[in-house]
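Participant: Following this message is one structure expressed as C-alpha cells.
The values are calculated or read from the model by the stated rules, or taken from the named source; none is laboratory data. Computed from a prediction, not measured in an experiment: that's the story for all the values here. Reconstructed Cβ throughout: ideal geometry from the backbone, glycine too, with neighbour counts over all protein chains shown. Remember, those area values only see protein heavy atoms, side chains included, never the ligands or the DNA or RNA. Shrake-Rupley method; radii C 1.70, N 1.55, O 1.52, S 1.80 Å.
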Amino acid sequence: MIASEKRDAIADLMAEYAYRIDRDKLEDWVNLFTEDCLYKVVPRENVAQGLPGVLLICLNRNMVHDRVTSLRVANEYNIHVDRHVIGAPRLTAQADGSVRAESNYALFQTNQEGESWLFSVGCYEDVIVFQGGKALFKERVVIVDTYAIPNLLATPI
Amino acid sequence: MLDNSIWPAKDYSRVPFRLYHDQEVYDLERERIWRGPLWSFLGLEAEVPKIGDFRTSFIGDIPVVYNRGDDGKVYGFVNRCAHRGSTVRREAYGNAADHTCIYHRWCYDKKGGLIGVPFRRGVKGQGGLDPAFDQAQHGLETIRIESWHGILFATFSDKVEPLEQYLGGPMSNMLARIMARPVKVLGYQRQRIKGNWKLYCENTRDQYHGSLLHQFHMKFGITRVTQKGGAWMDTRHRHSISYTREDTDAQDSAQAIAAYADQKVAESDFQLKDQGILGYKQEFDDGVSLAICSIFPNGTFQQIRNSMAARQVRPRGMDEFELYWTIFGYEGDDEELEMHRLLQTNMIGPAGFISMEDGEAVEIAHRATMLEGEACSIIEMGGGGKIPDEITFKVSDVPLRGFWSYYAELMGIEPEGGIR
C-alpha cells in the first residue's frame with residue numbers, strides 16, 4: 001500500500017521531469033535527483049545480452065550536473081526541441097520506504113524547420129525516495145528500445 | 001559518367017561533393033570497395049567464443065553472418081538464402097548447430113554449405129528437385145575470415161594481399177598492442193547518421209577538428225592542440241593512427257592559451273564537479289593515451305584514455321550509415337577498472353562528451369553538399385603534395401588525402417599523374 005501523499009509526490013516528480021527537460025530548464029532538472037543518485041541510459045540490446053555497456057552513466061548528482069554544464073558550454077548538437085510523453089508509472093512499495101516505479105516514455109524531437117519525429121521510445125526504471133515531502137530519483141535507469149540512436153543523444157531522455 | 005577527370009587536384013586536396021551523393025558512385029563502391037581486394041572489419045573473436053556461436057554483421061551494406069565452426073575457426077557467409085534470397089539468420093546473435101531459412105526450411109551448415117532441402121525427392125514420387133540438382137553447388141555465398149590478434153576481418157576477394165600486409169606495420173602493431181590481453185565485450189552502442197559513409201572515414205582521420213569541434217577537451221582542460229601528437233600511416237596511406245601522448249604539455253599551458261587566442265577560441269576554465277571521468281590508469285608503457293586507429297574501409301579502433309571500443313561503419317544507401325560501437329575491456333579487469341571504463345564511456349558514442357558532435361558534423365556536411373556535385377572540399381591542413389608516412393603535429397588533415405588516394409585506386413579513378 002502506497003500512501004496517496006507519496007503517489008501525488010511521484011506524479012509531480014514525473015511531470016516536473018518532462019517539464020524541466022522539454023522547457024530547457026536543465027539546471028533545475030538536476031535537482032530532481034538525490035545527491036547519491038544513479039542515472040544511466042542503457043541500450044535494450046545490452047540489457048538483453050546481460051552486458052553492462054551504457055550510452056551514458058552518472059554515479060551521483062554532480063555528474064548529472066556536469067552533463068548539463070558540458071551541454072551548455074562545450075557540446076555542439078542538433079538544434080531541436082524535446083517533447084516527452086510519459087505513461088502512468090507502475091509502483092511497487094519497498095521495505096525501506098522507497099518506491100520502485102516503471103513507466104514507458106516516448107520522446108519526440110522537432111527541428112527548426114518544424115519537422116517532428118519519434119526520437120526515442122523505451123522505459124524508465126526508477127527508485128524514488130522522499131525528502132521533505134518531495135519525491136526524488138535515487139535511481140533512474142532509462143532503457144532505450146530505440147537503440148539505433150538517430151544522429152546523437154545530447155539533451156536527456 | 002564517373003572517370004578519373006573528377007579530381008580538380010592531383011594530390012587529392014580537393015574532393016568533389018559528388019562522391020558523397022551519386023548513385024553511380026555508390027553502386028561502384030559495392031563492387032570495387034566492399035567486394036574488392038581488401039579486408040573489411042567484421043567483429044571480434046571474443047563475441048563468438050564457443051562452437052556454434054554466431055553474430056550478424058555487415059560488409060558495406062551486405063548482410064553477413066559469422067560463426068565459430070566445429071574446428072574452432074570462424075566462418076562466414078552472406079545472410080541470404082540460396083533458394084529465394086530470404087534472410088537466413090534473423091536473430092542478431094545466438095548459438096546454433098546450423099542455419100535454417102524459415103521460408104522453405106533450406107538448411108546450411110556453419111560454413112554456409114547447403115545440407116538440407118525439404119521434400120527434395122518430392123512426396124509419393126511427385127514434385128521435388130531434379131535428381132541432377134547438385135546441393136554442393138548451391139550453398140550460401142561465403143566470405144573468407146581471418147583474425148589479427150582477435151580482430152576479425154573478412155573479404156570476398158581471392159586476390160587480396162595477406163591481412164598483416166594489408167594492415168601495414170604501424171596499424172598491425174597498434175592493433176596488436178590494443179589486443180595484447182584477452183578482450184571482454186562490455187556492450188554495444190549504435191547510431192544512425194544521415195550522411196554518406198565516407199564522411200565518417202574522413203572524420204576519424206581528421207585531427208584538425210579534434211579540439212575545435214569537440215570543445216569538451218578545451219573547456220575542461222583535457223587535451224590541447226599543443227600536446228604532442230600526430231599520425232602514423234602505412235606506406236599506402238590507406239589507414240591512419242591519430243595519437244596523443246599524455247601530459248607532454250603540462251608545462252606549456254601559456255603556450256596553449258596563446259595558440260587558442262590566435263584562433264579566437266578562448267581558453268576557458270570550467271571545472272567538472274566530479275573529476276572521476278577524467279582519471280587515467282596507465283595500461284600501456286608507450287605513453288599514448290589517445291589512439292584513433294582508422295582502418296580502410298570500415299573499421300576504427302580507439303583508445304581514449306581507458307575507454308576501448310571498435311567502431312564499424314555500415315552504409316545504408318548513400319545518404320545514411322549506421323555507426324556500430326563495440327565497447328570492450330579486458331578479461332581480468334577488476335570491478336573498479338570495469339566501472340572506470342564504463343564511466344569513460346561517457347566520452348564516446350552518440351552521447352559522448354567528445355564524440356556526439358561527429359554525428360552532427362557529418363549530417364550538416366551531407367545536407368549542405370547535396371546537389372552541389374561540382375563543388376569541392378578543401379584538404380590542405382598540414383600541406384599538400386606527396387603524402388608522408390608520418391605526421392608529427394596535430395593541426396593536420398593529411399591522412400584524408402591518404403584515404404582518397406587509395407579509394408581512387410580501388411575505384412579505378414586515379415587522376416593521371418596523381419600525387420600520393
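Participant: Hey, can you find the accessible area per residue of chain B for me, probe 1.4 Å, expressed in square angstrom?
Facilitator: That works out to 41 Å² for each residue.
Participant: Sticking with this structure for a sec: Can you give the longest run of chain A that contains no GluC sites (Glu not before Pro) sitting in a DSSP loop with at most 13 other Cβ atoms inside 10 Å?
Facilitator: The reported range is A:1-112.
Participant: Taking the solvent-accessible surface of protein heavy atoms with a 1.4 Å probe, what is the per residue accessible area of segment A:1-124 in Å²?
Facilitator: Per-residue value: 47 Å².
Participant: Let me ask something else. For the pair B and A, how large is the buried accessible area, both sides, in square angstrom to the nearest 100, if the probe is 1.4 Å?
Facilitator: 3200 Å²
Participant: Calculate what fraction, in whole %, of the accessible area of segment B:168-411 sits on carbon and sulfur atoms when a 1.4 Å probe is rolled over the protein chains.
Facilitator: For segment B:168-411, the apolar C and S fraction of the accessible surface comes to 51 percent.
Participant: Under 21 Å between C-alpha atoms is the cut-off here; go through segment B:168-411 and count lysine pairs that meet it, provided they're at least eight residues apart or on different chains.
Facilitator: 10
Participant: Same structure again: With charges set only on the Cβ (+1 for Lys and Arg, -1 for Asp and Glu), what does the dipole of segment B:168-411 come to about its Cα centre, in debye to the nearest 20?
Facilitator: The dipole magnitude comes to about 460 debye.
Participant: I want to verify a result. In a Gaussian network model of chain B, Cα cutoff 10 Å, which of these has the top mean-square fluctuation: B:F119, B:F301, B:F58?
Facilitator: B:F119
Participant: Could you give the size of the charge dipole of segment A:6-66 about its Cα centre, using +1 on the Cβ of each K and R and -1 on the Cβ of each D and E, expressed in debye and rounded to the nearest 20?
Facilitator: 220 debye
Participant: Classify segment B:309-399 from the C-alpha gyration tensor, please: rounded if a/c falls under 1.5, else prolate or oblate depending on whether a/b exceeds b/c.
Facilitator: It comes out oblate by the Cα gyration axes.
Participant: Considering only lysines 8 or more places apart in sequence, or on different chains, count the pairs in segment B:39-133 whose C-alpha atoms sit under 19 Å apart.
Facilitator: For segment B:39-133, qualifying lysine pairs total 5.
Participant: Please compute one quarter of the surface area of the Cα convex hull for segment B:168-411 and express it in square nanometres.
Facilitator: 13.8 nm²
Participant: So, one more: As a check on your grasp of the helix formula, calculate [θ] at 222 nm for chain A: sum -39500 (n - 2.57) over DSSP H runs of n ≥ 4, divide by the residue count, round to the nearest 500.
Facilitator: When only DSSP H runs of four or more count, the value is -7500 deg cm²/dmol.
Participant: Moving on. Excluding residues fewer than 8 places away in the same chain, name every one of the lysines whose C-alpha is closer than 25 Å to that of A:K6.
Facilitator: Partners within reach: A:K25, A:K40, A:K134, A:K138.
Participant: Moving to a separate point now. Can you give the mean number of other chain Cβ atoms that lie within 10 Å of the Cβ atoms in peptide A:73-81?
Facilitator: 6
Participant: Using only protein heavy atoms and a 1.4 Å probe, report how much of B:T345 is accessible, in Å² to the nearest 10.
Facilitator: 0 Å²
Participant: How big is the gap, in Å, between the Cα center of segment A:67-99 and the Cα center of segment B:164-178?
Facilitator: For segment A:67-99 versus segment B:164-178, the Cα centre distance is 42 Å.
Participant: Keeping all protein chains in place and using 1.4 angstrom, which order do B:D134, A:D8 fall into by accessible surface area, from largest down?
Facilitator: A:D8, B:D134
Participant: Related question: Please work out how much accessible surface B:R177 shows to a 1.4 Å probe, ignoring ligands, DNA and RNA, in Å² rounded to 10.
Facilitator: Looks like 40 Å² after rounding.
Participant: If you put +1 on each Lys and Arg Cβ and -1 on each Asp and Glu Cβ, how big is the dipole of the protein assembly as shown around its Cα centre, in Debye rounded to 20?
Facilitator: Once rounded to the nearest 20, the dipole reads 1360 debye.
Participant: Here is a follow-up. Which order do the peptides B:97-103, A:67-73, B:186-192 take when ranked by the mean count of other beta-carbon atoms within 10 Å per residue, highest first?
Facilitator: Per-residue mean Cβ counts within 10 Å order the peptides as B:186-192, A:67-73, B:97-103.
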